[in-house]
Structures are given as C-alpha cells and as structure tokens.
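K.L.:
Structure incoming, see below.
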Amino acid sequence: MKTFCQVIMTIFCILTIPNIHAQTDYKDVAPIFYSRCTSCHHENQHAPSMMNYSETIALSYAMMSDLMTNKMPPWPPDTSYTRFEHEHIITTSEKNAIINWISNGGLAGDTTLAPPPPVYSPFQLNGTPDLVLRTGMFTSNASSTDAYNCFSIPTNLTQDRILRAYEIVPGNVPIVHHVVVNLDSMGTTSSSLSGNCYTITGDIGIGGYAPGAPPTVFPGQAPLKAGIRIKAGSKLVLQIHYPAGTIGQIDSTQIRLYFYPIGTTGVRTIYNNVPLQNWGLNIPANTTRTFNASYTLPAAISIFSDFPHSHKVCTSLVNYAYQTNDTIPLIRINSWKFDWQGYYTFRNLVKVPSGYTLFSSHFFDNTISNPNNPNSPPLNVYAGTSTTDEMLFDAIQWLLYQPGDEIIDISSILANDPLLSANVNEPSSDLTQTYVYPNPSTDLLNIYVPKESDYRISIFNIAGQRISDTMVTDNFTSLSTKNVPDGMYLLKIEDTKSNEQFVKKIIISH
Ligand code: HEC
C-alpha cells in the first residue's frame with residue numbers, strides 16, 4: 001500500500017513537468033490536421049489533400065511558412081475584436097506542435113497509432129432538401145483571366161416559402177473559386193455567361209460559398225426561429241468565379257435548399273441589406289487612402305452576420321456601430337484578402353439600438369508594397385464592380401430587434417440543430433471527441449480536446465484518489481507519466497467554463 005508521502009511525490013513529479021512538447025511523430029500531430037486542416041484539405045478539393053502521413057509530409061515545407069505567416073488556416077477576421085461561428089483557426093500550441101514535428105524531421109513513426117481520419121461526404125446537411133437547383137453542365141470560359149458567370153435559375157415555387165438552410169455544392173470543386181447567391185424575387189433576371197458578370201443581379205443577398213465554407217443554417221428552434229422569405233416565382237442567381245486557366249473544364253454546381261414546413265408560425269424574417277457603401281472611391285497610383293461609409297439606424301436591429309466586401313487594393317477594414325460614448329464592435333480584418341470573403345455569423349445576435357450609426361472604414365494600399373495590387377506598376381483606381389476597380393460594400397443580415405435578442409446564443413442553437421448533427425465536415429467541439437494517446441502509455445500522455453477552453457485535467461487511481469491535477473488554458477497538452485506506477489487510472493477532463501466533463505480509462509505501463 002502506498003504511503004501518503006508517495007502519493008504526494010507522484011503529484012509533485014507530475015506537476016513539475018506538465019507541458020513537455022515531445023511530439024515526435026505523425027500520430028501526435030494527426031489529430032491537429034484532422035480538426036484544423038482537412039475540412040478543406042481532403043480529396044478532390046481546391047486545397048491539396050492532407051489526409052495521411054505521405055500527403056501531409058509532402059506539404060511540410062510550404063506548411064512551415066504558411067503557419068508561421070498565419071496564412072493557414074485562412075481566417076481573416078481579428079479574433080481579438082469579435083468572434084464568429086465556424087472559425088478556421090489554430091491555437092499557438094497546436095501550431096508549435098506541427099512546426100516542432102516538421103523541424104525534428106517530420107517522422108512517420110507508427111502511423112497506425114494515429115486516430116482514424118474523418119470521413120467527408122459531398123453533402124454536409126442531413127436529410128433531404130426541399131429543392132435542389134442546378135446550373136447544369138457548364139464549360140469554364142476562364143482562359144488567361146478569371147471568369148465570373150451568373151446563372152439565373154427559376155425556383156418554380158408556386159407559393160412563398162421561408163428558407164431555413166442551404167448548402168452550395170460545386171460539381172468540380174477545384175475550379176469553383178467562390179459562389180455568391182442573390183435572390184431575384186421578381187423573377188425577371190436572366191443568366192449572363194460571358195465571363196464578365198461582375199455585378200450579380202437580384203434584390204436580396206442570400207450568402208455564398210468559398211472553399212471550406214460550412215453550409216448556411218439559420219437558427220430553427222426556440223429561442224429563435226428565423227429565415228429568409230422567398231416569394232413564389234423567384235429566381236436564384238448564382239455568381240460563380242472560375243479562376244484563370246480552367247478553360248474547357250466542366251462544372252455543374254448545385255444549391256440545396258431546406259425550407260420551414262408550410263404553415264410554420266413564429267419564424268422571424270432575416271433581412272439582407274448593404275447599409276455601408278461608398279461609390280466615391282478614388283485611389284491615385286502609388287498612394288494609400290482611407291474611405292468610410294456610415295448609416296444611422298432609424299430602429300433597433302439585431303445583427304446576425306456581417307459581409308464586408310472590397311477588392312484587391314484594399315488591405316484592411318473595420319465595421320462597428322457607435323453613439324456618443326459607446327462603440328459596438330462588429331468585424332475587423334487586418335489583412336483583407338479578396339479570395340477569403342464570406343458572411344461571418346456572430347455567436348450571439350448583436351443588438352444595435354435605434355439612433356446608433358453603423359460605420360465602416362476601409363484602407364486602400366495602391367502602392368507596390370501591396371502584394372495583391374492587380375496593377376504593376378500601380379494605376380489610378382476608382383470605384384467600380386470589376387475586380388481591378390475597388391469597392392466599399394459591406395452587407396449585413398439582420399432582424400428587427402426584440403427584447404432579449406442580445407442573450408440569444410446562436411452557437412448553442414446551431415449545435416443542437418438536426419440538420420447539422422454529427423456533421424463531420426465541421427471541426428468537432430464536443431468533449432467526447434477528445435483524443436488521449438498513446439493508451440496504454442509509458443512516459444507521456446498526449447491529450448487533445450477539439451475545443452479551446454480552460455481545462456482541469458486530473459488522474460485518479462483505482463481507489464479514487466486524485467494523483468495528478470493540472471490546469472491548462474490550452475486544448476493540446478502533454479503530461480509526463482514517468483513517475484506514475486504501472487496500473488489502471490481514470491483521466492478526467494473538466495471544461496472549467498462550461499462544466500462539461502470527459503472521463504476515460506487509461507493504462508500506464510512502463
Ligand atoms: C478554409 C479552408 C482551409 C483550411 C481550414 C486550411 N487550408 Fe490550407 N489551403 C486552403 C486552400 C484553398 C489552399 C490552396 C491555395 C489557396 O487558394 O490559397 C490551401 C493551401 C495550403 C498550403 C499550400 C499548398 C501548396 O500546394 O503549396 C499549405 C501548406 C496549407 N494550405 C496548409 C494548411 C494547414 C497546415 C492547415 C491547418 C492548420 C490548413 N492549410 C487549413 C484552404 C484551407
């Protein structure tokens with residue numbers, strides 16, 4: 001029987017070396033790739049596959065620099081300003097673990113010890129859509145420049161419906177750079193397939209698709225049921241961007257729509273507007289300029305998502321709402337990239353009271369130091385819809401404010417949405433998806449929780465005594481088990497913010 005002193009010694013030994021990052025081979029870093037990268041980096045995507053050791057190691061050189069420069073994973077919004085749903089981010093310790101693995105030779109080790117890779121299906125939403133609209137077979141017309149084509153597709157709806165969710169599924173993913181969808185509620189637009197459809201027609205913005213984008217699901221259960229109203233006879237207009245060099249390749253993109261059942265009551269309307277626009281942009285060659293736009297609200301609103309938009313001379317932007325002594329942050333992008341844009345959904349509805357002013361400021365760098373400048377040498381740039389022009393065009397999706405909106409937690413409503421449940425294409429944020437490896441372990445136990453939070457990690461022996469207790473503010477950690485006697489133990493991980501718990505049986509065998 002162990003003395004009290006021995007127990008204390010064990011605790012002491014474990015606590016003195018809590019966070020050694022001795023990740024040496026592939027199995028140690030594989031869970032990071034699976035939760036942070038492979039949603040975009042798997043077979044037949046725009047991004048090269050990273051689903052196993054050999055595919056991953058082949059990209060290791062580019063990976064080092066892309067991680068160090070924060071190019072990958074791509075997430076333009078500044079997370080110290082505001083937070084959104086579906087963020088593509090990586091924690092510092094995860095990043096360091098990958099960098100250390102590569103700089104120590106990127107060893108394969110026993111790759112069979114890596115957790116099983118996620119399985120991706122072409123469709124991310126559960127169930128059968130109510131309506132599927134297709135562009136039909138289209139042969140890309142993008143030769144030496146990018147092509148933008150607008151497909152105007154009749155919904156053939158005979159009565160009004162409320163959109164609850166949709167997903168855009170490119171037929172030929174590697175050549176579909178992005179898709180923007182507008183609703184044409186009069187049903188009067190026609191397709192424009194010349195490759196120069198820069199201005200997408202229609203009167204209501206619905207959303208879009210960029211590589212790795214999740215499907216769009218509006219909150220569909222108490223305390224918030226909401227959706228976009230679609231009139232009978234409407235058309236949907238899909239603007240699809242095919243990159244230069246894809247000429248001759250065939251695509252057939254579809255949009256799969258889910259509606260609220262006819263007669264559903266209590267569904268609040270989501271509106272889409274572009275309150276922040278500036279058509280007076282004038283950025284002379286070799287200069288930098290800041291342009292703003294503002295709009296004062298005549299009524300209180302609750303903002304669901306923000307879609308800031310500019311082209312390639314813009315390098316940073318910010319949106320917020322303000323009144324004399326108060327500022328409500330919306331979104332800040334410190335390194336704007338035309339290629340990575342989308343509707344950013346807030347985790348909580350953002351209340352903006354009546355009388356507040358929505359404000360946008362975009363910074364434009366029309367010098368040679370802007371690597372994305374479309375002109376070399378720089379040319380004068382004015383407002384316009386072609387990608388070599390500039391735009392300040394920031395849209396929001398919003399609802400009329402109702403008391404209590406500000407406490408509505410969009411994340412938790414969506415987390416329980418049956419359309420999304422068991423959705424493998426989203427990085428899991430469920431504690432049950434925690435990886436503990438290797439198990440049995442000898443000297444080191446790696447713990448990977450697929451969610452950022454603060455954790456208390458404890459090890460209990462069979463007698464129920466806590467023999468180790470570690471507080472971590474990271475979701476990736478390694479505990480030394482060198483001084484833990486052989487035997488069976490219980491590992492308990494508590495999320496100290498949400499009080500969720502995860503318990504797993506572990507075996508230590510030296
Ligand atoms: C939201 C989607 C997305 C996520 C998440 C993502 N990537 Fe990428 N990645 C891309 C796309 C798309 C490309 C192709 C190049 C481009 O368009 O920028 C790419 C390119 C790369 C490249 C360059 C490949 C080459 O051929 O040179 C590397 C390396 C890379 N990603 C690493 C990572 C790593 C590591 C992670 C996870 C930590 C990650 N990416 C997460 C979308 C993503």
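The values are calculated or read from the model by the stated rules, or taken from the named source; none is laboratory data. These numbers come from a predicted model, not from an experiment. Glycine also receives a Cβ, built like all others from the backbone with ideal geometry; neighbour counts cover every protein chain displayed. Accessible surface areas use protein heavy atoms only, side chains included; no ligands, DNA or RNA. Shrake-Rupley method; radii C 1.70, N 1.55, O 1.52, S 1.80 Å.
K.L.:
Within segment 63-86, restricting attention to residues that are open to solvent by 50 Å² or more (accessible area, probe 1.4 Å) and not in a loop (DSSP other than H, G, I, E, B), which residue is nearest to P243 (Cα to Cα)?
P.N.:
S65
K.L.:
Right, something else. I need a count of the residues in segment 87-108 that are open to solvent by less than 50 Å² (accessible area, probe 1.4 Å) and either more than 10 Å from the ligand (Cβ to nearest atom) or not basic (K, R) (or both).
P.N.:
Here the count works out to 14.
K.L.:
Which of the residues spanning segment 436-452 are of a type in the set (S, T, Y) and farther than 11 Å from I493 by Cα?
P.N.:
At the first step, the residues of segment 436-452 found to be of a type in the set (S, T, Y) are 437, 441-442, 448.
Within segment 436-452, Y437, S441, T442 meet the criteria.
K.L.:
For segment 140-159, name all the residues that are closer than 20 Å to T216 by Cβ and either hydrophobic (A, V, I, L, M, F, W, C) or out of contact with any Ser or Thr (no Cβ under 9 Å at 6 or more places or on another chain) (or both).
P.N.:
C150, F151, I153, L157, listed by residue number.
K.L.:
Next up: In segment 284-311, what residues are hydroxyl-bearing (S, T, Y) and either in contact with a Lys or Arg (Cβ under 7 Å, 6 or more places away or on another chain) or under 25 Å from W75 (Cβ atoms) (or both)? Break it down stepwise before answering.
P.N.:
Quick first cut of segment 284-311, residues hydroxyl-bearing (S, T, Y) only: 287-288, 290, 294-296, 302, 305, 310.
T288, T290, S302, S305, S310, listed by residue number.
K.L.:
What single numbered condition from (1) of a type in the set (A, V, I, L, M, F, W, C); (2) open to solvent by 80 Å² or more (accessible area, probe 1.4 Å); (3) under 37 Å from the mean Cα position of the chain (by Cα) fails to hold for V449?
P.N.:
(2)
K.L.:
Which one of these is in contact (Cβ under 8 Å) with a residue 60 or more places away in the chain, acidic (D, E) and outside the structural domain of D409 (by TED's automatic domain parsing): D66, D78?
P.N.:
D78
K.L.:
Here's a follow-up. Tell me, yes or no, whether segment 138-150 has at least one residue that is under 27 Å from T473 (Cα atoms), among the aromatic types (F, W, Y) and over 19 Å from the mean Cα position of the chain (by Cα). Talk me through it step by step, then tell me what you get.
P.N.:
First pass over segment 138-150, keeping only residues under 27 Å from T473 (Cα atoms): none.
Within segment 138-150, none of the residues are under 27 Å from T473 (Cα atoms), among the aromatic types (F, W, Y) and over 19 Å from the mean Cα position of the chain (by Cα).
K.L.:
While we're on this one: Give me a count of the residues in segment 44-60 that are out of contact with any Phe, Trp or Tyr (no Cβ under 8 Å at 6 or more places or on another chain) and without any contact (Cβ under 8 Å) to a residue 24 or more places away in the chain.
P.N.:
6
K.L.:
Further question on the same structure: Restricting the search to segment 148-161, which residues are surrounded by fewer than 21 Cβ atoms within 10 Å (Cβ to Cβ) and of a type in the set (A, V, I, L, M, F, W, C)?
P.N.:
Within segment 148-161, I153, L157 meet the criteria.
K.L.:
Residues of segment 128-147 being open to solvent by 60 Å² or more (accessible area, probe 1.4 Å), in contact with a strand residue (DSSP E or B) (Cβ under 7 Å, 6 or more places away or on another chain), of a type outside the set (K, R) and farther than 14 Å from L193 by Cα, which ones? Walk me through how you get there before you give the answer.
P.N.:
Kept after step one, since they are open to solvent by 60 Å² or more (accessible area, probe 1.4 Å), are these residues of segment 128-147: 128, 130, 134, 137, 139, 143-145.
In the following step, the residues that additionally are in contact with a strand residue (DSSP E or B) (Cβ under 7 Å, 6 or more places away or on another chain) were identified as 130, 134, 137, 139.
Still in the running and of a type outside the set (K, R): 130, 137, 139.
Of everything in segment 128-147, just one residue is open to solvent by 60 Å² or more (accessible area, probe 1.4 Å), in contact with a strand residue (DSSP E or B) (Cβ under 7 Å, 6 or more places away or on another chain), of a type outside the set (K, R) and farther than 14 Å from L193 by Cα, namely D130.
K.L.:
Just give me the residues in segment 174-200 being closer than 24 Å to N273 by Cβ and of a type outside the set (S, T, N, Q), in sequence order.
P.N.:
Let us first name the residues in segment 174-200 that are closer than 24 Å to N273 by Cβ, namely 178-189, 192, 197-200.
Matches in segment 174-200: H178, V179, V180, V181, L183, D184, M186, G187, C197, Y198, I200.
K.L.:
For segment 286-372, give me every one of the strands (runs of 3 or more DSSP E) that falls completely inside it and has 3 or more residues that are of a type in the set (F, W, Y). Lay out the reasoning, then the answer.
P.N.:
Values: elements: 287-296, 301-307, 314-323, 326-333, 344-352, 357-366.
Passing ranges, in order: 357-366.
K.L.:
Anything in segment 31-62 that is open to solvent by less than 40 Å² (accessible area, probe 1.4 Å), part of a helix (DSSP H, G or I) and within 6 Å of the ligand (Cβ to nearest atom)? List them, or say none.
P.N.:
Here is the first cut: in segment 31-62, the residues open to solvent by less than 40 Å² (accessible area, probe 1.4 Å) are 31-42, 47, 49-51, 56, 60.
Within this subset, residues satisfying the condition of being part of a helix (DSSP H, G or I) are 31-36, 56, 60.
Selection gives R36 alone.
K.L.:
So which strands (runs of 3 or more DSSP E) are wholly in segment 378-470 and hold at least 1 residues that are assigned by TED's automatic domain parsing to the domain that holds Q277 and touching a strand residue (DSSP E or B) at 6+ places or on another chain (Cβ under 7 Å)? Walk me through how you get there before you give the answer.
P.N.:
Values: elements: 393-400, 435-437, 444-448, 455-460.
Of the strands (runs of 3 or more DSSP E) lying wholly inside segment 378-470, those with at least 1 residues that are assigned by TED's automatic domain parsing to the domain that holds Q277 and touching a strand residue (DSSP E or B) at 6+ places or on another chain (Cβ under 7 Å) span 393-400.
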